[in-house]
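Taking it in order: structure first as structure tokens, then the write-up.
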Amino acid sequence: MSQNPVKPKIYLYLFMSLHVLGAAGTFIFSKAAATSFANPMVLTVSRGLGCAAIFLLFTGWKIPRPDFTLKEWLGLLGLGILLVPLNQYCFLKGLELSVPGHSALIYAMTPLGVLLLYSVRMRKMPSFGKLSGVLVAFSGVVVVLRPWVSGAQVTELRTGDLWLICAVFCWVLYTVFASDICKKKNALAVTAWSLILGVLIMLPMAAGSMMTFDFAAVSKAGWFGLGYMIVITSTVMMILWNVLLQHLTPVQVAITTNAQPPATTLLVAVAVAAGVLSGDQDLGALFILGMVLSLSGVIITQKARD
């Protein structure tokens, strides 16, 4: 009897760990895809179509058939817009210009965004301790953005980082609002249909680009990155995220992003050593300082009392 409450916790920690590992790979392999495709619209829709095909294939078997009300369908449509045309497009556009380490660090701000939005929804002002943590964390992001530095390379990185910040903002909205429906409906079905609806919304906008795009010019690394995003990022990781939202609060789930920057930095170092990535990944002293400040701020926020 005493083991029953422990077993689900073990599974939740396992799901969190798998999500962190998947995210570290995402930031690296998605960079290869974003660079090779060089058209975030085409890449976003290609990724979405691949995921939609997988979800439809499993619907009625591993994924329950949809049983949503009209109001819930409209909610899923809103989630789909946040997920595909906004979050995924901004992420791939940002990663085309930025580097994996930056994207992991910026996504580590997810818990702070979720906390602030959650506080607004609950109409509860965060404590001074939590707000202090938020300021420390964002000071780390400012260090990474380096607004006081000029130059073509830094400007490109900064532009990519701003796209990534927009992607995180959309991901925060998705996390908070998806938690509502995930607690009432099957997480697999919510994952599948929010993504399918998002792809359907974006498809007309991308039709022209899809028809004129030269897919033959995409490198093997680009195709591998696309495949990784379809199978791991948008299918396995999305399912893990929404399963976690069934059992935990949005703030608790968002904490999984804390481990992404160090995990990604370690994997980037290995990839550079293996020749998979170029040596210039902007992992110098300022990035390390920014990462330490950002993660410290996140930890302060989580430890502070309400």
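The values are calculated or read from the model by the stated rules, or taken from the named source; none is laboratory data. Quick caveat: nothing in here was measured; it's all calculated off a predicted structure. Positions of Cβ are backbone-derived with ideal geometry, glycine not excepted, and every protein chain shown enters the neighbour counts. Areas reflect the complete protein model, heavy atoms only, side chains present, ligands, DNA and RNA absent. Shrake-Rupley method; radii C 1.70, N 1.55, O 1.52, S 1.80 Å.
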Can you pull out every residue in segment 66-118 that is touching a residue at least 60 places away in the same chain (Cβ under 8 Å), in a loop (DSSP other than H, G, I, E, B) and surrounded by fewer than 22 Cβ atoms within 10 Å (Cβ to Cβ)?
Pro66, Asp67, Phe68
For segment 105-161, what are the residues that are of a type in the set (S, T, N, Q) and touching a Pro at 6+ places or on another chain (Cβ under 6 Å)?
Ser119
Going through segment 242-278 in order, the residues found to be open to solvent by 40 Å² or more (accessible area, probe 1.4 Å) and over 19 Å from the mean Cα position of the chain (by Cα) are His247, Ala269, Val270, Val272, Ala273, Ala274, Gly275, Val276, Ser278
Within segment 181-192, does at least one residue satisfy the condition of being assigned to a helix (DSSP H, G or I), open to solvent by 10 Å² or more (accessible area, probe 1.4 Å) and at pLDDT 85 or above?
yes
Only one of Phe55, Phe29 is open to solvent by less than 10 Å² (accessible area, probe 1.4 Å) and either outside any helix (DSSP H, G or I) or hydrophobic (A, V, I, L, M, F, W, C) (or both); which?
Phe55
Answer yes or no: is there a residue in segment 219-237 that is surrounded by 19 or more Cβ atoms within 10 Å (Cβ to Cβ) and over 18 Å from the mean Cα position of the chain (by Cα).
yes
Modelled with pLDDT of 85 or more, open to solvent by less than 30 Å² (accessible area, probe 1.4 Å) and farther than 26 Å from Thr265 by Cα: is that true of Gly50 in this structure?
yes
Test: Asp161 is charged (D, E, K, R), at negative phi and surrounded by fewer than 18 Cβ atoms within 10 Å (Cβ to Cβ)
no
Output the residue which, of all residues in segment 121-160 that are part of a helix (DSSP H, G or I) and basic (Lys, Arg), is modelled with the lowest pLDDT.
Lys130
